[in-house]
Amino acid sequence: MTPRVTATVDLAAIRHNLRVVRQTAPRSKVMAAVKADAYGHGAVAVARALEAEQVDGLAVACMEEALKLREAHLLHTPIALLEGVISIEEAALAVYERLQVVVHDHWQIALLEQLPDSAEVQVWFKLDSGMHRLGFPLSDVPRLVATLQRHPGWKLQGWLTHLSCADELDSPVTAQQIAVYRAALEGVPGPRSIANSAGLLAWPDARVDWVRPGLMLYGASPLPGKTGRELGLVPALTLESRLIAIREFAAGEPIGYGQTWRTPERMPIGVVAVGYADGVHRCLPSGTPLMVGGRRVPLVGRVSMDMVTVDLRPAPQAAVGDPVLLWGDGLPAEEVASYAGTLAYELFCGLTQRVRFRYRNG
C-alpha cells in the first residue's frame, strides 16, 4: 500500500548531530532529550541510534516515556525523568527500573521518603534560577543537602536548572541565571547541568558537567535567524506527500475553504494529499513554501483536514504522483515553522499517527 504522507528519519543525521554536540562541549557529558517521542522522530529508534554512539544519558518527560524505552530493551543507558514521579507507585517503579528521578518540589521528596530505606534512589535536584516553572528556590540548596545526608541510600546525580531565554542572544537573562545558579551551589558537591540546545550553542558558560541537547540532535536550529545546516547540523526528518490532482483555472477563481485566495491569472493548481489531520498546521498561510520536483511552490488557500493546494506555476513540469516536500533538506523546518508563527519543535511534535514513518541508516 502506497502511503499518503511519509516521514523519513535519517538516523545517521542524528548520530552526526550528537558528534556536533560533543565537539561543541567536549568536556561535558551528554543527556539527550528523547521526550515527546524524540520530538516526533520516534523515541525507540532514536534512542537506539544514540545508544550506539554511547550517549551518556537519555531524558524523557514522564514514566510512560521511560517504560517505552525499557520495554524496547534500552537497558544500559541511564534514563532521567525530567518531571520526576507523581505517586508512590511511580517512585517504586523508578527504583525498580533504575531510572534517575529529577526532583523539583518538596512533595516529591515526601514521596521518595515513603520508599524503604534500602531503596537506591538516583536523584537530580532541579533548581529554579529564573525560569519560574519547575524547581526548588535557590535558597533551598542547604535544605536539599541536608535531605541527602538523611538518606545515605539516595545517590545524587547532580543539580540541574533550565534556561528561559537562551535563544535571545542579546538578553541579559541567561548570564544572570548562570550566575545565580553557580552562586547557590558554591562549595556544594555534585555534577551541574545547565544547557539546553540554545544554551549549548550560544552560551559557553552553560557548558558544564552535563549538557541536555534536544532540538539540535534532530538537525534544527534553536537560534533565531539560523538554520541547522548553518550550524553544522544535518536535518534528520523529511516529510513528503504527493500530488493527487492538477487542475487548470481561469483568472479570478476561488481556491479552497472560505474562498480566501483567488487565481490572479489562468494557472495550474495542484492538490497535495496532506492536511492538518497529518500534522500540517491549519494556520499556515498562502505563500508558505513546499517543493515539487526540486522547485519551490507556494501554498494557496486554507489547509484542510486531508489536503492542501499549491500554485504550480513555478513547477510547470509537475505531474500527478510527483512527490511533494513539506520540509526537509532544501526546505528547512525552521523556515516553514516561521510561516505558522511557531518553531520547528511544534512541527515535529505535531505529526500524527496517520503519517507513515520509515528509518534510514539504523
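Among the residues examined, Gly225 qualifies as over 17 Å from the mean Cα position of the chain (by Cα), surrounded by fewer than 19 Cβ atoms within 10 Å (Cβ to Cβ) and over 28 Å from Arg354 (Cβ atoms). Within the stretch 283-293, the set of residues being at positive phi and either buried (at least 17 other Cβ atoms within 10 Å of the Cβ) or of a type in the set (Phe, Trp, Tyr) (or both) comprises just one member, Gly293. Of note, Arg247 does not satisfy the criterion of being within 19 Å of Arg4 (Cα to Cα) and loosely packed, with under 15 Cβ neighbours inside 10 Å. Given the condition touching a strand residue (DSSP E or B) at 6+ places or on another chain (Cβ under 7 Å), of a type in the set (D, E, K, R) and either in contact (Cβ under 8 Å) with a residue 40 or more places away in the chain or surrounded by 23 or more Cβ atoms within 10 Å (Cβ to Cβ) (or both), answer yes or no: does some residue in the stretch 46-59 qualify? Checked the stretch 46-59: at least one residue is touching a strand residue (DSSP E or B) at 6+ places or on another chain (Cβ under 7 Å), of a type in the set (D, E, K, R) and either in contact (Cβ under 8 Å) with a residue 40 or more places away in the chain or surrounded by 23 or more Cβ atoms within 10 Å (Cβ to Cβ) (or both). When Val211, Val280 are checked against the criterion of being under 30 Å from Leu200 (Cα atoms), buried (at least 22 other Cβ atoms within 10 Å of the Cβ) and in the same structural domain as Asp170 (by TED's automatic domain parsing), a single residue qualifies: Val211. Scan the stretch 191-201 and give yes if some residue there is touching a strand residue (DSSP E or B) at 6+ places or on another chain (Cβ under 6 Å), crowded, with 22+ Cβ neighbours inside 10 Å, among the hydrophobic types (A, V, I, L, M, F, W, C) and not in a loop (DSSP other than H, G, I, E, B), otherwise no. Yes, the conditions are met somewhere in the stretch 191-201.
Can you find, within the stretch 257-270, the residue that is nearest to the chain's Cα centre (by Cα) among those that are surrounded by fewer than 19 Cβ atoms within 10 Å (Cβ to Cβ) and either of a type in the set (Gly, Ala, Ser) or assigned to a strand (DSSP E or B) (or both)? My answer is Gly258. Applying the set (1) surrounded by fewer than 16 Cβ atoms within 10 Å (Cβ to Cβ); (2) assigned to a strand (DSSP E or B) to Gly321 leaves exactly one unmet item: (2).
The helices (runs of 4 or more DSSP H) located wholly in the stretch 18-131 that include 2 or more residues which are over 23 Å from Lys155 (Cβ atoms) occupy 35-40, 43-52, 63-71. Considering only the stretch 282-303, I want to know if a residue exists there that is over 31 Å from the mean Cα position of the chain (by Cα) and in contact (Cβ under 8 Å) with a residue 40 or more places away in the chain. No: the stretch 282-303 contains no residue that is over 31 Å from the mean Cα position of the chain (by Cα) and in contact (Cβ under 8 Å) with a residue 40 or more places away in the chain. Within the stretch 136-154, residues that are in the same structural domain as Val102 (by TED's automatic domain parsing) and outside any helix (DSSP H, G or I) reach partners that are among the basic types (Lys, Arg) and surrounded by 15 or more Cβ atoms within 10 Å (Cβ to Cβ) with beta carbons closer than 9 Å, at six or more positions or on different chains, in the pairs Phe136/Lys126.
The values are calculated or read from the model by the stated rules, or taken from the named source; none is laboratory data. Since the structure is predicted, the reported quantities are computational estimates derived from the model, not experimental observations. Please note: Cβ atoms are built from the backbone with ideal geometry, for glycine as well, and neighbour counts cover all protein chains shown.
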